[in-house]
Amino acid sequence: MRTVSSPRAKVFRNAVVAGAVTAVASTAVALLTAPAAQAATTLAGAAQEKGRYFGTAVAANRLSDSTYVGILNREFDSVTAENEMKIDALEPNQNQFVYTNADRIVNHAINQGKKVRGHTLAWHSQQPGWMQNMSGSTLRNAMLNHVTRVATYYRGKIHSWDVVNEAFADGSSGARRDSNLQRTGNDWIEAAFRAARAADPGAKLCYNDYNTDNWQHAKTQAVYRMVQDFKSRGVPIDCVGFQAHFNSGNPVPNNYHTTLQNFADLGVDVQITELDIEGSGTSQAEQYRGVTQACLAVARCTGITVWGIRDTDSWRASGTPLLFDGGGNKKAAYHAVLAALGGSSTNPPTTTTTPPPGGGGCTATYSPAESWPDRFNGRVAVTGSNNWIVTVTLSSPQRMSATWSAQFSWDSSGMVATVRPNGSGNNFGFTVMHGGNTSTPRVSCRVA
């Protein structure tokens with residue numbers, strides 16, 4: 001992942017989102033189908049049930065943020081240091097290694113029982129000044145020394161290393177990127193992988209890049225040929241990382257699954273390593289769902305990492321590209337991913353009580369039920385009276401698409417429902433098409 005100060009050129013044509021939008025069920029019966037009783041309720045738990053991990057990028061300076069850490073500990077089982085394990089952070093001066101911030105992240109992950117992805121050992125960007133000024137064999141030796149020293153220091157603690165990052169050029173040439181490392185000789189990537197294997201033989205060794213999602217693109221094909229060559233010659237490569245930074249000009253391509261499968265067929269694992277999708281609401285949720293489904297469809301896709309936790313933590317925060325909003329609330333994209341993984345969303349119930357005038361009254365208690373990427377079910381229980389009127393208020397652009405066990409009528413806005421008993425008892429329910437707004441409906445009760 002590059003820093004914001006060096007934005008990437010996006011050279012993609014528009015494509016259909018992988019995993020087209022699921023049609024809404026046409027009957028209330030379908031809408032009421034409950035998930036499996038033991039479905040996982042977190043991203044990590046649901047991914048583990050599918051034999052995969054679900055990770056996130058972590059910044060050391062946010063480990064003092066209780067909301068951030070709470071989501072990290074609850075939802076993710078793999079951690080990647082956002083910047084703290086890059087070359088300039090670990091070796092600011094030649095042969096002077098500083099592991100303090102990286103260790104904070106690695107130790108937190110290990111203490112929480114999480115895996116760690118190492119990012120990254122060799123890269124043309126975020127090099128310290130002393131390395132930028134080197135060339136030739138001097139630079140090659142310094143790069144290999146860095147790979148060896150860092151991989152040795154973390155030996156046994158890293159699940160997968162991004163050994164080399166972003167070594168291919170964008171555009172139609174299919175060429176290697178012109179960098180100081182490339183100018184040391186075309187075998188520099190192979191040399192880095194061999195050094196990493198010698199230093200940390202138990203870790204998976206990955207090549208990681210961006211704009212390699214579309215199978216038809218020249219850059220994707222060039223990386224494929226390199227991996228194919230490495231496998232044929234016994235160069236130690238175990239996995240390929242797909243960064244997966246998407247936006248409206250570069251959506252998830254309709255051949256994304258093909259790309260992952262073709263690389264996996266070379267005999268390497270594939271990992272989605274830096275996923276973020278700019279946007280909001282249903283469109284963003286469906287692209288996240290498509291990426292998740294593509295990974296699940298490829299046996300050797302071993303896990304997904306999103307590049308940050310809350311939108312405000314993102315390197316491109318203005319695009320609101322992550323699964324949690326700035327307040328730490330789950331977005332529609334979160335629910336889409338969890339549902340694709342086979343999990344079940346849970347939220348605390350909201351209770352609104354109308355004070356009993358003159359000693360009589362009723363209470364309406366709302367409880368969340370099943371949820372899908374585009375909709376959710378809610379249930380309301382009424383106590384204190386059998387002759388009640390409940391008001392249910394939605395938030396735009398929410399709309400009810402199904403109701404049961406009561407008589408419903410709506411105001412002119414369609415946002416406020418007045419609910420009365422219909423002889424089915426004091427419990428009723430409804431389905432809300434949320435349109436990207438998953439906030440909890442407000443309920444109140446009065447005696448008729």
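The values are calculated or read from the model by the stated rules, or taken from the named source; none is laboratory data. This structure is a prediction, so every number in the text was calculated from the model and none was measured. Cβ sites come from the backbone with ideal geometry, for glycine too, and all protein chains shown count toward neighbours. Side chains included, ligands, DNA and RNA excluded: accessible areas come from the protein's heavy atoms. Shrake-Rupley method; radii C 1.70, N 1.55, O 1.52, S 1.80 Å.
A few notes on this one:
- Computed with a 1.4 Å probe over protein heavy atoms only, the accessible surface of region 382-440 comes to 44 Å² per residue.
- By average C-beta atoms within 10 angstrom, highest first, the peptides 108-116, 128-136: 108-116, 128-136
- For region 32-174, share of DSSP beta bridges that run antiparallel, in % to the nearest 5: 10 percent
- The charge dipole of region 250-346, taken about the Cα centre with unit charges on the Cβ atoms of Lys, Arg (+1) and Asp, Glu (-1), comes to about 180 debye, rounded to the nearest 20.
- A Cβ-based charge dipole, computed about the Cα centre of the chain with Lys and Arg at +1 and Asp and Glu at -1, lands at about 240 debye.
- Within the accessible area of the chain (1.4 Å probe), percent carbon and sulfur: 48 percent
- Think of it as helices only: each DSSP H run of n ≥ 4 in the chain is worth -39500 (n - 2.57), and spread over all residues that comes to -8000 deg cm²/dmol at 222 nm.
- Tilt relative to the chain, helix 188-199 - C-alpha long axis, 0 to 90 degrees, to 10: 80 degrees
- Of interest is the spacing of the C-alpha centroids, which for region 218-234 and region 93-149 amounts to 25 Å.
- Simple rule: put +1 on each Lys or Arg Cβ and -1 on each Asp or Glu Cβ in the chain, find the dipole, and look at 386, 224, 123; the Cα lying farthest toward the positive end is 386.
- FRET efficiency for the residue 439 to residue 247 pair, using the beta carbon distance and R₀ = 25 Å, is estimated at 0.50.
- Dipole check for region 213-303: with +1 at the C-beta of Lys and Arg, -1 at the C-beta of Asp and Glu, and the Cα centre as origin, the magnitude is about 280 Debye.
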